[in-house]
Structures are given as structure tokens and as C-alpha cells.
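One structure is given here, and the rest of the page talks about it.
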Amino acid sequence: MSPIPKRRTPASGANPPASLLVRVLRENLEGGAWHGPSVRQALRDIDARAARWRPGPGRHNVWEIVLHLAYTRHRVIGRLTGRPYAHFPRSLEAPWWPSVPVLGGDTEWTADVNLLRELHERLIETVERLPASRLATRRRGRKDTLAMETLGVATHDAYHAGQMQLIRRIAEAPHHDRRIRRR
């Protein structure tokens, strides 16, 4: 088996265009991607109680992941626009992981899902407005361009959509199926 080649920074002009960034952002959050469920599909029919369910001690729940995805967009929008980060409505529990409301119910859950959707639309609008030259820039000390960082948001969404699907399946499985069986 041949070794996995080292990650390379795209050559000048090899950045994904804004149209591709918008497409993959939409597919991975809203649906239509080839790889499986989108974030929206993973969130279908989840209420606050289900969103709070934790698959194990120290494991993230769906609500935490939703806020994490919203916060990621918040940060990337700031990077793309070059403006200081605006206030995010939740405090951080850990880097990149906002706190879930302690007593939050369905109203707060819906508000946080809507926050993700609003920030997603703002990210798409930002990408569509930016000139290609801005997307081709790199933050100081970084190898990836802003376009590649934005593409990373879509990849990040695909990962967390799958994670949320797994959490749902574990939560919905009969109790005896939650343990890994050794043969």
C-alpha cells in the first residue's frame, strides 16, 4: 500500500470558485449531497429533549453540535470579511463549543437551529459578495486560503451530519443494542 501523500497547498489560481463553495455549503447543510444526509436531514424531527440526549459521558449531544456549527460560521464570516467578530449569543464552554442553555426547551432549541440557519445564509451571502482575490488570500501564518477554509466548513458539516445521525440511531436503538458486542 502506498503512503498517503502530504497535504499540499493549492497552487495559485487553484482555489475553488465562490460558486462551488456556495454549492457545497448548501448541499452539506440543506441537502442534495451525494455522501448522505445533510445537517438539515439529521435534524429532522428532533425536539429539545432529543437534542439534549448524550450518547455517553463527555460525548457531545446534537444541540451542542448545532451551536458548534453556528459558531464555526460566525468565526469564518469574520475571517472572510476581515472584521472583528461580532457578539455570539452564547458563551463558550470550550474553544469553538458554545454552551447549551441550562434550562432550554423547545423554544430555545428552535431559536438555536434558526441561529445556525441565519448564520449559514449570512456565510453564503458573504461568499457570493466577495471578490475572488479576497477568497485567494491567506490569513497570517496560514497555508490555506480563505476559500479553502470556507470549503472546510462544508466538509465539517458533512462530518457532523454523520455524527448527529449516529447519535440519533444510538438514542433510538433498544437498550441492549447500545453495547458493543465482542465475539
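The values are calculated or read from the model by the stated rules, or taken from the named source; none is laboratory data. Bear in mind the structure is a predicted one, so any value in this text is a computation, not a measurement. Here the Cβ is made from the backbone with ideal geometry for all residues, glycine too, and neighbour counts use every protein chain on show. SASA here: full protein model, heavy atoms, side chains in, ligands and nucleic acids out. Shrake-Rupley method; radii C 1.70, N 1.55, O 1.52, S 1.80 Å.
Worth pointing out:
- Residue-level accessible surface for Tyr159, protein heavy atoms, 1.4 Å, Å²: 140 Å²
- Span per principal axis, largest first, for the Cα atoms of the chain (Å): 54, 48, 30
- Isotropically averaged projected area of segment 94-183, using the convex hull of Cα atoms (one quarter of hull area), nm²: 10.0 nm²
- The chain - percent of accessible surface contributed by carbon and sulfur, probe 1.4 Å: 53 percent
- Fraction of alpha-carbon pairs over 18 Å apart in segment 14-83 - percent: 54 percent
- Computed log₁₀ I(q)/I(0) - Debye formula, equal Cα scatterers, no solvent, segment 80-142, q 0.16, 0.18 Å⁻¹: -0.73, -0.86
- Net charge over other residues, Cβ less than 14 angstrom from the Cβ of His68 (K, R count +1; D, E count -1): 0
- Going by accessible surface with a 1.4 Å probe and the largest first, Ile124, Ile170 read Ile170, Ile124.
- Computed over the chain, the per-residue total of -39500 (n - 2.57) for DSSP H runs of n ≥ 4 gives a 222 nm mean residue ellipticity of -17500 deg cm²/dmol, rounded to 500.
- Probe 1.4 Å, protein heavy atoms only - accessible area per residue of the chain in square angstrom: 63 Å²
- Distance histogram for segment 52-115 (every C-alpha pair counted, 5 angstrom bins, percent rounded to whole numbers): 4, 17, 28, 24, 15, 8, 4, 1
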